[in-house]
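The structure appears right after this line, and notes come after that.
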Amino acid sequence: MKDYKKIGLTFFVALFSAFIAVWAYSAFFSKTQIVTVPQEQSLRYASLPSAPQGQAPDLTYAAGSSVHAVVHVKVTSTQEARQFHNNPFYEWFYGDRYQQRQPQVRQGAGSGVILSNDGYIVTNNHVIDGADDIQVVLNDNRQFEAKLIGADPTTDIAVLKVEEEDLPFLQFGNSDALKLGEWVLAVGNPFNLTSTVTAGIVSAKSRNIGINRAEMGIEAFIQTDAAVNPGNSGGALVNMNGELVGINTAIASRTGSYSGYSFAVPASIVEKVVGDLKEFGQVQRAILGVNIGDVTAEVAEKYDLDKIEGVFIGKVNENSAAEAAGIEDEDVILSVDGVSVNSTAQLQEQVSQHRPGDKVKVLIKRDNKPKQFTVTLRNMHGDTEIIKASDNNFLGAKFDELTEDEKYQLRLSHGIKITDLDKGKLKDAGLKEGFIVTDVNKEEVKAVNDFKRIVSQAKGGVLIEGLYSNGEPAYFVFGMN
């Protein structure tokens, strides 16, 4: 009996001890911890790093160093106003005729960027196209008359010069090194609001938007979301170091005003074009001589390509740089001088930085295997000749290419204009200053070099067709003997 009492007492003590232990643990150790968050404290997801406080991009240096080097460009041009007849009977007998009216004065404005302390300025070709007078207004309100040094419609770049010293200017930056998401500033004069700075990021590179209608036009725009409006054309796109990385040129808009995206010619192209215009008076365009297209899924499947990459060559032109180097139809261009190219715009951007006669390393994929070629670039005529503006003097005449405005007014797609006429075969044949040559021996004349080449190769007679600035057509014939 005593044994049962001892066992019972032991069991009771053990049970009581367990109860005390459970109560103590619940009371002191297992209570849910509640953290009260003050209302003014921001809440963050634990999986996302918080933005560092006070680390927003500081754009003040870039803005301060660039705003004084961006100018306001004002242009004035005189246009002949013409009223075309709509009478079909009149046109049946006389053709498309018009009545002369009083000339109209047109005024426009844009922006420009000073590139040197002695007054060289870059802007867009469409800002000064057809201008009779160009005025440049500095950020400090000084105003100068500007001289047009040269223009290139294929890249929409033009160079001006003002006679002044010690001007603030911007240095070129490396547009190839720009990264998506990098901060940039657009500086210009939108809506005549001078010295306006807007900020954004690089949204895309080597963008082709189909806006440049010039013959062999080049589009490899830097796309940004910095606000750009009419009047910004020709202004600066600068990086955070205050370096010029592009020239603002166009906007994507259904209203004519900024609606999200803007486009700039990259500095890599601008710098080369400016150098050509200053040194030669015209751009030295180098080409590979191939018909190209982007590599799509359909192209890759059709030609059994292992990857969707590079630029597809549909045809290699005769007497071209590519043909001379050994490049063939249906090759795929992977890179130029080590820079990968995956679109026609990227390929054009890389080649446009060179002159005829330059050698470039072109990596080709043929039968899905890489093969490298050294290509000596040529001009559109199949040689490596460098052409200077002074070469425009031929047969006693000096020529100039038509502006886009002149082409529009005269309904022409090509032609060159006689700007000065001295003793020679052209004057003897009856041509006059202002005459526009459109065709020679039934071949189109798109540049001065076309005219020289066709006439030089002519055997016997030369037939020149064209019209005067009032629209009156004419033709002339003379012999080369």
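Bear in mind that the values in this text are calculations on the coordinates, not laboratory data. Note that the coordinates shown come from a computational prediction; the quantities given were computed from them, not determined experimentally. For neighbour counting, all protein chains shown are included, and Cβ atoms are generated from backbone atoms with ideal geometry for every residue, glycine included.
Data table
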| quantity | calculated |
| --- | --- |
| In order through the range 331-344: 3J(HN,Hα) via Karplus (6.51 cos²θ - 1.76 cosθ + 1.60), integer Hz, x for Gly, Pro | 6, 10, 7, 9, 7, 10, 6, x, 9, 5, 10, 10, 7, 4 |
| Shape call, the range 389-479: gyration tensor on alpha carbons, a/c limit 1.5 | rounded |
| Order of VAL105, VAL375 under a 10 Å beta carbon neighbour criterion, fewest first | VAL105, VAL375 |
| Other-chain or far-sequence residues with amide H under 5 Å of VAL341's (modelled H) | SER335, VAL336 |
| Inter-probe distance in nm under a simple model that places probes 7 Å from Cα toward Cβ, at LYS427 and ASP329 | 5.1 nm |
| Protection proxy ranking, peptides 299-312, 272-285, 149-162, 120-133, average beta carbon neighbours within 10 Å, highest first | 149-162, 120-133, 272-285, 299-312 |
| Cβ-defined net charge surrounding HIS381, 12 Å radius [Lys, Arg +1; Asp, Glu -1] | +2 |
| Likely footprinting exposure, ARG142, ARG453, ARG411, fewest C-beta neighbours within 10 Å first | ARG411, ARG142, ARG453 |
| Cα Rg over Rh - the range 246-335, Kirkwood | 1.11 |
| Proxy reagent accessibility, fewest Cβ within 10 Å first, across GLU318, GLU328 | GLU318, GLU328 |
| Rounded if a/c under 1.5, otherwise prolate or oblate - the range 175-280, Cα gyration tensor axes | rounded |
| TYR303-SER116 pseudo-label distance in nm [points 7 Å out on the Cα-to-Cβ vector] | 4.3 nm |
| Set LYS161/LYS272; LYS74/LYS417; LYS398/LYS423 screened for pairs whose C-alpha atoms are more than 23 Å apart | LYS74/LYS417 |
